[in-house]
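Reviewing the structure listed below.
The values are calculated or read from the model by the stated rules, or taken from the named source; none is laboratory data. This structure is a prediction, so every number in the text was calculated from the model and none was measured. Neighbour counts are summed over all protein chains in view; Cβ atoms, including those assigned to glycine, are modelled from backbone coordinates with ideal geometry. All accessible areas refer to the heavy atoms of the entire protein, side chains included, with ligands and DNA or RNA removed. Shrake-Rupley method; radii C 1.70, N 1.55, O 1.52, S 1.80 Å.
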Amino acid sequence: GKKATMMPSRFVVKGVVALLLFSQAARAALGMAPPWGSYADRNFSGLYDCPVQGEAYSAAYLATKSTFLRHRIPETRLLGGQGNMEGASHAVFHHSKLMKTVDMFDFYVEHLSWYERRVKRKDQKTFVNDRMLERFNAQTSHKGTPNDAPLGDVLAVMPFYATPGGDAGHSSLFTRRSYLRITVESLRPVFPRILVCVASDFDFDYVKSEFNDTSKISEVMKYKAQLFRPSRLGFATIYLSQYLLLKDPRFFDVRYVFYTESDQILRARSPSKLLDLVGSGHTFFLIPHRVQPVPVLRDFGETKFEVHRARSFMNPDHIKEFAKNDAKPTVHHVNADLKNASCCFDRNPCSTNRERWRRFGHPDLELFQIKAPTRHNNGDAPTHHPFNDSLVLVAGEGNFLRQSFRICKLGPPQMCPW
């Protein structure tokens, strides 16, 4: 006889549809959605898990005060044993849950000093050095009006080191100071309570004099002894911050801590939403994406003559770097309030899996800039200057040294796909 053909009954089809509905919005209605899933909030795409600390690391994190204080940094870590900036963050994490936003524009930082490393500033002559600093100092997109009122129950903490003769990485003293100013400018409208920790009297005196207005920073602190190595300043910053939160009455009302480094511009679409998440009763650290700036030749001049002059001071390796970067045909522009775009990661946990990673030259990897707000001067027509925009940035995060990135997809404002 004929073979019987098995067709799904209408009951089976209805059951599958019901299961799919239950897996998303219905879970929120039943109280089963985790705080980082946010199924019911169509203005927020949620979070995903980052179980591997090395993959999650961005030299910044947001947490409740109680989470930040769960694992105290002993004073011995400031004086002996292995110590570096990464290790300081890992010591505080101590196997805690680490999360990141699915939409990059919900929470990320721009890593300024990486631009300098790509240009290899120490090999350059004065003209190129000066033009690079002019480009850093001209950007104003991080000064835009924040989407939330200033959040005074957050303490932003950061290490700062720019002492002559010490190990300041690839940066000069003046560049480090420029980074600090830009970082503070990006923090102040959102997290106005700022603590800067230093390792030398030289830096202490500079920060106290430069930021002597308490509306700029709340406190500058130096460890009582001279640190043996500046690389321990990350440990010292956390140690001193934990001490203040526990012992100083001025900081007893702090509910959240945002740790960052003094060369990172903060971008957050809705900071108050992020605080709601980390304060939801679930213990975890919320890690911003760390985004790399890309040097392009137009950073070094507004006219063809200026660009040609800058090229004349560069060696063949630098010319090759700029040629690769300028070959990207499209740079997407995003408003300073981050509301006209999305950049969606897949929702898989960040791990050593490289399925969504791309090399810099791959066509799937996109670039963007944050557009500075248009200025109005004395009733004149509105003006916009390209140098006021952010640096050109990679849409994604990853291994800066290997130039390999976990990419996100740029698009219009949307709920990122499941």
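Brief remarks on what is shown
- Residue in segment 236-254 that is buried (at least 20 other Cβ atoms within 10 Å of the Cβ) and under 28 Å from residue 404 (Cα atoms) present: no
- Condition broken by residue 348, with the remaining ones in (1) touching a strand residue (DSSP E or B) at 6+ places or on another chain (Cβ under 8 Å); (2) within 28 Å of residue 143 (Cα to Cα) satisfied: (2)
- Scanning segment 66-92 for residues that are assigned to a helix (DSSP H, G or I), open to solvent by less than 70 Å² (accessible area, probe 1.4 Å), out of contact with any strand residue (DSSP E or B) (no Cβ under 6 Å at 6 or more places or on another chain) and closer than 28 Å to residue 268 by Cα gives 67, 85, 87, 88, 89, 90, 91, 92.
- Being in contact (Cβ under 8 Å) with a residue 12 or more places away in the chain, within 21 Å of the chain's Cα centre (by Cα) and open to solvent by 10 Å² or more (accessible area, probe 1.4 Å) holds for only one residue in 336, 395, and it is 336.
- Residue 361 satisfies every condition listed in (1) open to solvent by less than 30 Å² (accessible area, probe 1.4 Å); (2) in contact with a helix residue (DSSP H, G or I) (Cβ under 9 Å, 6 or more places away or on another chain) except (1).
- Among the residues of segment 294-333, those that are open to solvent by 80 Å² or more (accessible area, probe 1.4 Å) and free of Cβ contacts under 8 Å to residues at least 24 places away in the same chain comprise 304, 305, 308, 311, 312, 316, 320, 329.
Each row is one residue, and each column tells you yes or no for (1) in contact with a strand residue (DSSP E or B) (Cβ under 9 Å, 6 or more places away or on another chain); (2) of a type outside the set (Gly, Ala, Ser); (3) closer than 30 Å to residue 324 by Cβ.
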{"position": "249", "(1), (2), (3)": "no, yes, no"}
{"position": "253", "(1), (2), (3)": "no, yes, no"}
{"position": "267", "(1), (2), (3)": "yes, yes, yes"}
{"position": "271", "(1), (2), (3)": "yes, yes, no"}
{"position": "287", "(1), (2), (3)": "yes, yes, yes"}
{"position": "301", "(1), (2), (3)": "no, no, yes"}
{"position": "311", "(1), (2), (3)": "no, yes, yes"}
